[in-house]
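The structure appears right after this line, and notes come after that.
The values are calculated or read from the model by the stated rules, or taken from the named source; none is laboratory data. Note that the structure is a prediction, hence the values are computed from the model and not measured. Note that we place each Cβ from the backbone using ideal geometry, even for glycine, and neighbour counts take in every protein chain shown. The accessibility values were calculated without ligands, DNA or RNA, using every heavy atom of the protein model including side chains. Shrake-Rupley method; radii C 1.70, N 1.55, O 1.52, S 1.80 Å.
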Amino acid sequence: MIKTTDLHKSAMDMLLETSRTFFIPISHLSPGLQESVASAYLCMRAIDEIEDHPGLPSDVKINLLRSVSLLLEKPIDDNEWMALFQPHNSLLPEVTLRLGDWVKLSPPSIAPNIQKATAIMANGMADWVSKEWRIKNEKDLDDYTFYVAGLVGILLSEIWKWHDDIETDRDLAVAFGRGLQAVNIIRNRAEDLSRGVDFFPDEWKAEDMFSYARRNLALADAYLKSIKSGTILIFCRIPLILAHGTLDALAAGKEKLDRATVTHLVRQVTEA
């Protein structure tokens with residue numbers, strides 16, 4: 001069995017490897033909070049890698065995601081996880097193969113919330129794989145962004161309540177996730193189209209998705225008003241300020257934020 005200290009270091013290394021954007025705010029969190037949020041992020045990143053994998057057929061993705069959902073509804077059994085992923089070991093990244101470890105990283109009192117949210121997300125992702133991500137209207141877009149991002153907002157709000165007794169608005173938490181996901185959809189538009197996936201609703205142009213993103217990010221701004229804890233506020237503000245900055249850069253015709261701008265924006269939050 002992997003030691004707790006080794007698992008924590010391994011998780012932070014994996015965070016740095018998979019997402020610098022979230023590594024920075026997670027590294028600012030206090031003990032307990034850091035492990036629970038890292039666990040949540042890595043669990044959800046693990047299933048995201050299944051949904052987005054370019055080499056897995058849709059039926060395999062659906063089976064894996066539904067199986068993950070079922071396994072998350074009971075205590076973690078390493079042998080069951082190994083048996084599930086073994087046929088695909090050569091294709092799946094380490095963050096996915098170690099999903100069971102990421103659940104164990106969390107403090108036991110909040111782990112069931114992380115398992116439940118990840119299980120719901122996995123089922124939702126499986127539904128959208130089966131639909132071939134065919135988004136016809138804004139209702140479909142809301143449904144898709146709820147499962148891949150809005151659930152993250154809900155889970156984080158549960159973690160804030162668990163650790164600091166902070167009450168937040170569920171709808172604003174969902175909008176926070178939706179806003180970040182909408183920015184990603186705009187940023188990754190060309191890449192998604194090249195692999196035959198279009199997350200824009202029928203007849204939507206770029207300005208419609210920009211409007212959708214800005215509307216949800218405005219609700220995310222409102223969400224922050226209920227956060228009183230300094231470290232949690234920093235955690236929430238970093239991805240939000242980067243999302244606003246990325247959206248402004250994309251609107252100006254840039255592909256993404258340059259590293260100097262990212263550093264400047266993060267310092268605005270952490271040194272305020």
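Residue check: Glu167 meets all listed conditions (1) open to solvent by 80 Å² or more (accessible area, probe 1.4 Å); (2) within 26 Å of Ser39 (Cα to Cα); (3) part of a helix (DSSP H, G or I); (4) not basic (Lys, Arg) but one, namely (3). If you go through segment 129-147 and pick out every residue that is under 16 Å from the mean Cα position of the chain (by Cα) and either at pLDDT below 95 or over 22 Å from Lys205 (Cβ atoms) (or both), you end up with 2.
Using the structure shown, decide if Ala260 is more than 19 Å from the chain's Cα centre (by Cα) and loosely packed, with under 14 Cβ neighbours inside 10 Å. So Ala260 fits the description; yes. For Cys236, the conditions (1) in contact with a helix residue (DSSP H, G or I) (Cβ under 8 Å, 6 or more places away or on another chain); (2) under 22 Å from Met209 (Cα atoms) are fulfilled apart from (2). Just so you know, in segment 131-164 the residues that are open to solvent by 10 Å² or more (accessible area, probe 1.4 Å) and not in a helix (DSSP H, G or I) include one that is nearest to Gln181 (Cα to Cα), and it is Trp133. Can you confirm whether Ala126 is in contact with a Gly (Cβ under 8 Å, 6 or more places away or on another chain) and either over 23 Å from Leu219 (Cα atoms) or modelled with pLDDT of 95 or more (or both)? Criteria not met by Ala126. Taking the conditions (1) part of a helix (DSSP H, G or I); (2) free of Cβ contacts under 8 Å to residues at least 60 places away in the same chain in turn, Glu203 satisfies each one other than (1).
Taking segment 1-120 and the helices (runs of 4 or more DSSP H) fully enclosed by it, the elements with 2 or more residues that are touching a Phe, Trp or Tyr at 6+ places or on another chain (Cβ under 6 Å) and either open to solvent by 30 Å² or more (accessible area, probe 1.4 Å) or at pLDDT below 95 (or both) are at 4-18, 20-27.
Do we have Val197 as within 22 Å of Thr21 (Cα to Cα) and either at pLDDT 95 or above or over 17 Å from the mean Cα position of the chain (by Cα) (or both) here? So Val197 fails the test.
Which of the residues that make up segment 238-252 are within 16 Å of Gln268 (Cα to Cα) and free of Cβ contacts under 8 Å to residues at least 40 places away in the same chain? Spell out how you get there, then give the answer.
Step one: filter segment 238-252 for residues within 16 Å of Gln268 (Cα to Cα), giving 238-246.
Residues satisfying the conditions are Ile241, His244, Gly245.
Within the span defined as segment 188-196, every residue fails to be open to solvent by less than 40 Å² (accessible area, probe 1.4 Å) and either touching a residue at least 12 places away in the same chain (Cβ under 8 Å) or farther than 23 Å from Asp52 by Cβ (or both). Note on segment 224-238: residues that are surrounded by 14 or more Cβ atoms within 10 Å (Cβ to Cβ) and farther than 20 Å from Pro31 by Cα amount to 2.
Scanning segment 256-272 for residues being touching a residue at least 12 places away in the same chain (Cβ under 8 Å) and in a loop (DSSP other than H, G, I, E, B) gives a total of 2. Within 21 Å of Gly245 (Cβ to Cβ), open to solvent by less than 20 Å² (accessible area, probe 1.4 Å) and without any contact (Cβ under 8 Å) to a residue 40 or more places away in the chain: is that true of Ala213 in this structure? For Ala213, the condition - within 21 Å of Gly245 (Cβ to Cβ), open to solvent by less than 20 Å² (accessible area, probe 1.4 Å) and without any contact (Cβ under 8 Å) to a residue 40 or more places away in the chain - is met.
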